[in-house]
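Comments concern the structure below.
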Amino acid sequence: MKGHIRPKVSIFHRLKQRVFLFRSPWKDTIQFILLIAVIVWLMSLSTSRLGYYWQWYRIPRYLFRIEEGRLVAGKLIQGLLFTFRISGVSLVLAFAIGLGTALVRLSGSFMGRILTRGYLEVIRNTPLVVQIYLVYFVVGPIIGLGRFASAVMALALFEGSYLSEILRAGIVSLHKGQWEAAHSLGLSTFDTYRDVILPQAIRRILPPLTSEVITLIKNSALVSLVSLSDLALQARVIAADTFLTFEVWFATAAIYLVVTVPLSTVVYYMEKRFKILT
Amino acid sequence: MNEKELGDYIITIDNVSKTFPGGIQAVKDFTAKIRRQQVVVIMGPSGSGKSTLLRCLNGLEEADSGTIIVDGIPLDDNREHRLEIRKEVGMVFQSFNLFPHLTALENVNLAQIRVRKKRKSEATKMSMELLRTVGIADKADNYPAQLSGGQQQRVAIARALAMMPKVMLFDEPTSALDPEMINEVLDVMKDLAREGMTMVVVTHEMGFAREVSDWVIFMDDGQIVETGTVEHFFENPQEDRTKLFLSQIL
């Protein structure tokens with residue numbers, strides 16, 4: 001994908017420009033510090049009433065440990081890596097399912113439309129937790145899926161249904177002249193989707209697509225219900241072992257944020273970078 | 001009709017009708033033949049079915065009845081036939097319909113690479129030549145939004161020509177343009193006509209019709225009201241409706 005012609009300015013320079021375009025950096029910094037101070041104060045107030053004894057120093061070992069001079073991932077980071085793995089595989093599959101469903105719904109096939117419609121209604125109108133259990137306990141054993149595969153399938157089917165609606169919206173939002181131009185050039189339907197329709201549609205739907213990716217990462221926490229050792233399960237185990245309930249869950253939430261916030265930031269810049277001029 | 005005579009006609013339209021859902025009959029029992037290297041101009045008031053007829057010729061609209069034969073290939077339900085005809089027939093739209101995410105060059109390249117299976121370098125060579133012909137080789141790397149309407153339409157013409165079509169269809173190619181850009185597009189079309197391209201043009205540009213068209217079809221209400229040579233048409237129209245239309249437009 002090629003960007004548009006623009007002056008050669010490094011991405012860092014542009015980033016800097018954007019970040020430091022505040023009215024007054026001092027004012028914002030002070031406001032931000034005040035906000036954090038208030039939050040900390042409220043938290044210490046509530047925990048002191050609970051009589052909670054903070055032991056943050058016990059948390060780092062669950063992130064990283066030094067063993068024989070080597071840095072080793074702690075339980076939380078191991079869980080995070082597993083969360084990455086299951087989210088990644090599910091995302092690829094969800095995208096394939098979503099795209100397939102969207103294309104079938106847009107096609108003329110009557111049976112196809114009925115099937116995809118049924119899939120969407122069932123998946124979107126039942127809780128993901130129920131689906132994960134059903135796939136793991138009922139569907140999985142029947143078709144011989146392991147624990148990981150069952151969880152991936154449940155997540156992918158769930159996210160796929162939402163992705164398909166977003167993709168379909170993006171596709172139908174394009175002017176029909178694009179189809180006509182492609183067809184009158186003799187492009188096949190496949191080529192038209194690949195070269196003309198999808199590149200434009202996906203740029204349009206980047207924002208909702210990003211929120212679905214983030215939703216998928218967050219929803220993957222539910223696979224801990226079928227004992228897959230993702231970030232959420234590790235957190236639960238550590239919390240149960242150590243009674244560091246607050247510290248562990250705060251740390252876990254922070255880890256999710258550290259993953260998802262940069263993701264949406266990256267997409268935000270991608271959106272600007274690949275924007276189609278109109 | 002003997003074989004040789006049939007060969008003279010590149011497009012045969014026989015008794016074609018098209019009704020849109022909702023009951024509006026856009027084209028009624030339309031019959032016409034178009035010879036190779038002819039420039040045919042279709043005129044008529046808006047809503048007279050000109051565009052619909054044109055779009056039927058490359059299968060963008062499906063005729064309800066009647067037959068259309070392009071270069072010996074019948075336009076029917078056969079997918080191969082439809083695809084073959086689309087390769088042979090180029091189309092230029094009122095609203096250009098360039099692909100906004102591709103540069104001018106990439107727009108012209110796309111079908112050559114995908115449909116004609118050319119290598120990129122080969123396609124680029126031809127595309128640059130075509131962009132030179134329509135006078136915008138220097139804008140090859142610009143995106144459509146960075147071009148004026150007239151430039152966009154010229155890219156669209158180059159894009160259609162890149163498929164080396166036997167017939168070019170123009171659907172009101174200058175109607176969406178600012179007046180000062182109309183001529184740059186018409187000039188390209190005139191050059192094309194002089195080089196012997198078969199063209200079917202829906203337009204209100206009388207100057208263009210006078211200068212290059214061999215045959216004029218005046219349509220109203222989905223039907224042919226009057227057809228004839230340019231001279232006949234402008235100097236000696238027979239039908240009242242034609243006279244009325246011409247008096248309004250000239």
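Being within 24 Å of residue B:160 (Cβ to Cβ) and touching a residue at least 40 places away in the same chain (Cβ under 8 Å) holds for only one residue in B:227, B:198, B:174, and it is B:198. In the range B:100-116, how many residues are more than 7 Å from every other protein chain (Cβ to nearest Cβ) and free of Cβ contacts under 8 Å to residues at least 40 places away in the same chain? Within the range B:100-116, residues that are more than 7 Å from every other protein chain (Cβ to nearest Cβ) and free of Cβ contacts under 8 Å to residues at least 40 places away in the same chain number 3.
In the set (1) in contact with a helix residue (DSSP H, G or I) (Cβ under 9 Å, 6 or more places away or on another chain); (2) surrounded by 16 or more Cβ atoms within 10 Å (Cβ to Cβ); (3) within 14 Å of chain A (Cβ to nearest Cβ), the condition left unmet by residue B:84 is number (1). Return the total of residues in the range A:59-98 being more than 18 Å from residue A:253 (Cβ to Cβ) and modelled with pLDDT of 90 or more. Selection size over the range A:59-98: 13.
Among residues that are in a helix (DSSP H, G or I) and within 29 Å of residue A:50 (Cβ to Cβ), residue A:254 is included.
Can you name the residue in the range B:202-221 that is hydrophobic (A, V, I, L, M, F, W, C) and in contact with a helix residue (DSSP H, G or I) (Cβ under 7 Å, 6 or more places away or on another chain) and, of all such residues, is farthest from residue B:25 (Cα to Cα)? Of everything passing the filter in the range B:202-221, B:212 is farthest from residue B:25 (Cα to Cα). Scanning the range A:222-243 for residues that are of a type in the set (Val, Ile, Thr) and under 17 Å from residue A:61 (Cβ atoms), we see that the one that is surrounded by the most Cβ atoms within 10 Å (Cβ to Cβ) is A:238.
Based on what the data block shows, is residue B:78 within 12 Å of another protein chain (Cβ to nearest Cβ), closer than 30 Å to residue B:24 by Cα and at pLDDT below 95? No. Looking across the range A:126-182, the residues that are more than 14 Å from chain B (Cβ to nearest Cβ) and among the small types (Gly, Ala, Ser) come down to A:140, A:144, A:146, A:149, A:150, A:151, A:154, A:156, A:160, A:161, A:164, A:169.
Scanning the range B:107-153 for residues that are within 19 Å of the chain's Cα centre (by Cα) and outside any helix (DSSP H, G or I) gives a single hit, B:134. If the condition is being surrounded by fewer than 21 Cβ atoms within 10 Å (Cβ to Cβ) and either at the interface with chain A (Cβ under 7 Å from one of its Cβ atoms) or closer than 19 Å to residue A:276 by Cβ (or both), then the range B:88-99 contributes only B:95.
The values are calculated or read from the model by the stated rules, or taken from the named source; none is laboratory data. Being a predicted model, the structure only gives us computed values, none of them experimental. Glycine also receives a Cβ, built like all others from the backbone with ideal geometry; neighbour counts cover every protein chain displayed.
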